[in-house]
Each structure stands twice: as C-alpha cells, then as structure tokens.
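Accompanying notes for the structure given below.
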Amino acid sequence: MSRNSADHDADVIVVGAGPAGATTAYHLARTGLDVLVLEKTAFPREKVCGDGLTPRAVKSLVAMGIDTSAEAGWLQNKGLRIYGGGMRLELPWPDLAEYPPHGLVRKRTDFDETLARQAQKAGARLHERTTVTGPVTDERTGRVVGVTAKPVREPGSGEGAGTEITYRAPVVIAADGNSSRLSVSAGRMRRENRPMGVAVRTYFESPRHDDDWLESWLELWDGKPGQSNLLPGYGWVFGMGDGTSNVGLGMLNTATGFQNADYRGLLKAWLSGMPPEWGFVDDRQVGQVRGAALPMGFNRKPHYASGLMLVGDAGGMVNPFNGEGIAYAMESGEMAAEVVAQALARPDGPQRERVLESYPRALSARYGGYYTMGRIFVRAIGNPQVMKIATRHGLPHPVLMRFTIKLLANLTDPRGGDAMDRLINALAKVTPAA
Ligand SMILES: Cc1cc2nc3c(=O)[nH]c(=O)nc-3n(C[C@H](O)[C@H](O)[C@H](O)COP(=O)(O)OP(=O)(O)OC[C@H]3O[C@@H](n4cnc5c(N)ncnc54)[C@H](O)[C@@H]3O)c2cc1C
C-alpha cells in the first residue's frame, strides 16, 4: 500500500528509534506504508533510564507482538514496594481487564534494540548512524516536507561525517527525545510552565538483582531514616535480574534546590545509609552515574501542525505523577500511526490535513485532564510539608494506598471497573486539559 511517489523517499519519515519512534514505525509498517526511520546511534546502545516498565508498557509490548517471557530475558514484577514515613509497603499492580497484572524490567540497551528490530521485521527501513540535522520546509506553505540528515561514521574509522542527504515524505514524525532538535528547528519550543524532572542512575552488582517488586523511596535520608538529614528528591531500586540493580534518584523542578542540585552527591549520600550487604558501594558499581531530563505533562505543543507530528519525549509526554515515559512514548506512537495511516489513505489536501489534526485532540482527550491533575500534584508535593503529611497519614491506609497506586500509575479500567476506577476516570474527565 506504499504511496511513495517520485518526489518522496518514503510515505512517512520517523526521526529517532527510541521506544516512541520504533513503536510508531512498527504500527505504520503493519499497515503497509513505506516507513523510513533515521537514528543517530547504532544498536545496541545505552540510554539513561530506570529500566522499569509498568503494566501500561507491557500492554504496548504485547500489541507489538514482543515475547515478554522470562525465557526471552524479561524479569516480571508484581507491583510497587514503597519506603516512606518510616514504613515499607508492598502494593500489587491492580487487577484490571485493560492491563496485565505485572510489570517488567529490561535494560534499555536490549529493550530499545528489541523494539527497533521488531519495527524492521514489520517492514520499516531503519537507517542507523544517521543524524537528522533539520527539517526541510516548503518555501511557499511553510509545511515540513522532509528532513536533512548526515551519516555518522563508525567511531575509530578515521572518517568525519558524510555529506548531507535530503529525505522527503508527506508526514514527518519527531521521535527524537527530550531535546527534540527537530521540533525546535521547526519552531516548537519547550513550554516553561510545565513540570520537568531531572534524574540520575547507575548500576550495582547486588544480591537484590532478582527482586520482583519495583522499589520506590519517597524519602531520601543521608544515613539512618529518621536519625539523619532528609535529602530532596525521590529514589528507586529496580532489580535487573542480570546480577545488577538499577539505582537512581530524581527531582522535580518544583522542588527547592532544583537549580543547584548535586545529583551525584545526593545519590552517594542516600546510598551511604543503605545496608552494606545490598552492595550499593563504590567497588560494586557497574558503569558511571548518568543523568537526563524527564519532560512532563505535554511540555511541547502543538503535537501536530504543518506536516510535523510529535511522539513520546519530543512531545513532553512523561507522566508527572510517577516519571514514567516509556508507556506514553509507545502509546502516543501507536496513536500517531493510526492517524497517519488514515490520513495517507485520503488525497493530499484539506481532507488529509483534517485527519492529521485529529492526533493532538486524541492525545488531549486521553491524557489532558490526567496531566493537568499531575501538574497540581507536582506543585503540591514540591512543598515538603505536604509530602510529609501525605506519607505519615496516607501510607498506613491500605484502601487509600490502593487508590494512590491506581492514580499514580494511571492504571484503571476505562469502562466498568471499581469505584476507585470510576472516581479517577471522572476526575480526569472533568479536569480541563491544557
Ligand atoms: C534517569 C531516568 C530514568 C527513567 N526511568 C524510567 C523508567 O524507569 N520507566 C519509564 O517508563 N521511563 C523512565 N524514564 C523516561 C524514559 O527514559 C523516556 O520517557 C523514554 O526514553 C522516551 O522515549 P522516546 O522514544 O520518546 O525518546 P528517547 O528514548 O530519548 O529516544 C530518542 C531517540 O532519538 C534519537 N535521536 C535524537 N536526536 C536525533 C537526531 N537528530 N537524528 C536521529 N536520531 C536522533 C536518539 O538517539 C534516541 O534513540 C527515565 C528517564 C530518565 C532520564
């Protein structure tokens, strides 16, 4: 069903082959469209992440036909273990019709390659080591009609970057992550009034590597909890099942001290209070401490205009409640693919454009109200007093905590469901998207 014509190099160009780009490309290729994916790195490659996947992400993996069994190298988890307010609490993932009852972990080195190869198997053409340098715009209409790109030579080959190539397609998708140079070159800047997180992580060889809970620390102490200083931020410990644990912490830009935070120092101070037998010590550290930003609550818009569509971190889709970005990258990719496939089945012109313009509306209907609630939540917990009251009085209440996990991980049944699901869905519906 390719509509590739003489003046086009593909039906759709996808820039970036992270979870957002690979998922978009997979679903587009499945409809028979000719999809060209341009990725500046070569797989396998590292990506700074916690490597934790909630049941939302598992659902998207299943939809791509990916085998998530233990034999295929995945470690399942049962839910969230929360440390805070002097308590340790285990909250299983909710039992829902919409999402599976387990999450997963997988190092991004494998995870991203698995997704990219699945897109290739579905028919997408992937050009690795190809850096997109900017959009190509139609001088008359201002519409994005392609991209310019430069091949990146293999390190050590002694050659510099190759000559610039132009690729053209009726629709271009920016899946190039948080800084999304492509969106910026097309004039789509970051919205400063949206929450932004910064997080760092590293790996340690640890006997806790096969933990089947995702562990979240709501309070970070630089020694024994309650008997030392409370540090800013939130932490996690995710067992990777391969002999190592992914350990990291993050902070939101609503927190005091966000601007001048020394993340590596904070991580060291926090881990100094951990039991030594867990192995979170210098001589068992594997790799460096590395950090990156988490763009939240739709921090770049519009998600479609003039031939350029944004998916995943490029469109600022990280969940402000819990910092999860992979599921939203994959879901937005699937939604984008559905819209683009329908649009390209219509003749070029206003009819097609109307279909493409339905993508931001679909995103807003799905996440808009929930993300607005997330922004309010992020502002509230920026105040340490609010967080203290919430952990002291919320954690001891099992029913309240079951509600909290559903709200924080956005895990409800959209139809039917229990009273908690109905309440969360109703709140998200009546809260205005912005
Ligand atoms: C420390 C940390 C921990 C996190 N932990 C979790 C977690 O546990 N679970 C979770 O769900 N989320 C987590 N996140 C968020 C998650 O990493 C992101 O939301 C997710 O990677 C977004 O996917 P994406 O495909 O949109 O972007 P990315 O994963 O950033 O992929 C973008 C791709 O585009 C490529 N690219 C960029 N520029 C160009 C260019 N000019 N030309 C060609 N290619 C280009 C890049 O090489 C990359 O492959 C974490 C983030 C951080 C920083």
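The table below lists the values:
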quantity	calculated
Computed over the range 394-434, Cα set: Rg, Dmax in Å	10.9, 34
Highest-fluctuation residue, Asn77, Asn319, Asn229 considered, GNM on the chain with Cα pairs under 10 Å	Asn229
Translational diffusion of the range 138-237, µm² s⁻¹ [Kirkwood Rh, Cα pairs; Stokes-Einstein; 4 °C; 1.567 mPa s]	67 µm²/s
Cα pair distances exceeding 43 angstrom across the chain, given as percent	12 percent
Kirkwood Rh and Cα Rg combined as Rg/Rh, the range 61-192	1.10
Spacing of the two label points (7 Å from each Cα toward its C-beta) at Ile165 and His393, in nm	6.1 nm
Set of lysines with alpha-carbon distance to Lys40 below 30 Å, sequence-local pairs under 8 removed	Lys59, Lys107, Lys121, Lys150, Lys301
Per residue convex hull volume, Cα atoms of the range 179-251, in Å³	138 Å³
Average projected area [Cα convex hull, the range 167-210], square nanometres	6.6 nm²
Candidate lysines for bridging to Lys224, where Cα separation is under 29 Å - those fewer than 8 sequence places away on the same chain excluded	Lys78, Lys268, Lys388
Largest-first principal axis extents of the Cα set of the range 194-295 (Å)	37, 32, 24
Rel. contact order, % - alpha carbon contacts under 8 angstrom, at least six apart, the chain	19 percent
For Ser183, Ser245, Ser69, order by how many other beta-carbon atoms lie within 10 Å, fewest first	Ser69, Ser183, Ser245
Over the chain: helical MRE at 222 nm, DSSP H runs n ≥ 4 each giving -39500 (n - 2.57), nearest 500	-9000 deg cm²/dmol
Two-site label geometry, Asp283 and Lys224: point separation in nm, points 7 Å out along Cα→Cβ	2.6 nm
Segments 321-329, 143-151 sorted - mean Cβ within 10 Å per residue, highest first	321-329, 143-151
Cα principal axis extents for the range 263-411, largest first, Å	65, 39, 23
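Read the figures in this text as sums done on the coordinates, not as results from a lab. Predicted model only: the values in this text are computed from it and were never measured. As a convention, Cβ positions derive from the backbone with ideal geometry for all residues, glycine included, and neighbour counts pool all protein chains shown.
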